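Structure record follows, encoded as C-alpha cells.
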Amino acid sequence: MNWIALIGAGLCEVAFTFCMGRLKGVSGWEFYSWLLGFLCCMSLSMYLLIKAIQTIPIGTACPIWTGIGAAGTVLLGILFFHEPATFWRLFFISTLVISVVGLKMV
C-alpha cells in the first residue's frame with residue numbers, strides 16, 4: 001500500500017509543478033485557482049511521501065519520488081508548455097528513470 005502512496009506522491013509532485021507552470025502569465029481569479037491547486041497538490045504530495053517512508057527506506061523513497069516528479073515534469077513541459085523534445089533531453093531523462101529503477105533493485 002505504501003508503494004501506491006509513493007507513486008501517488010510522485011504524481012502529485014508532477015501536478016504541483018504543472019500548476020506552477022500555469023501560474024506564469026495569468027492574473028486575477030485564474031491565478032488564485034492555480035495557486036490553490038499548487039498548494040493542495042504540494043500538501044498531498046508531502047502527506048503521501050510521509051506515509052510512504054513509514055515502511056519504505058527514505059534512501060529509496062525520496063529518489064523514486066523525485067524521479068517520478070522529474071520525468072513527469074519534463075514530459076508535461078514537452079506536451080503542454082512546448083518545450084523542446086531533443087534527443088539529449090530524452091536520453092538523460094531515460095538515464096534518470098533507469099537509475100531510479102536500478103536503485104530500487106539493489
Scanning region 29-64 residue by residue, the ones that are open to solvent by 40 Å² or more (accessible area, probe 1.4 Å) and either small (G, A, S) or closer than 23 Å to K104 by Cα (or both) total 14
When (1) in contact (Cβ under 8 Å) with a residue 40 or more places away in the chain; (2) open to solvent by less than 40 Å² (accessible area, probe 1.4 Å) are applied to I93, the one that fails is (1)
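The values are calculated or read from the model by the stated rules, or taken from the named source; none is laboratory data. Because the structure is predicted, anything quoted here is derived from the model rather than measured. Neighbour counts run over all protein chains shown; Cβ positions are idealised from the backbone, glycine included. Only protein heavy atoms, including side chains, enter the accessible area calculation; ligands, DNA and RNA are left aside. Shrake-Rupley method; radii C 1.70, N 1.55, O 1.52, S 1.80 Å.
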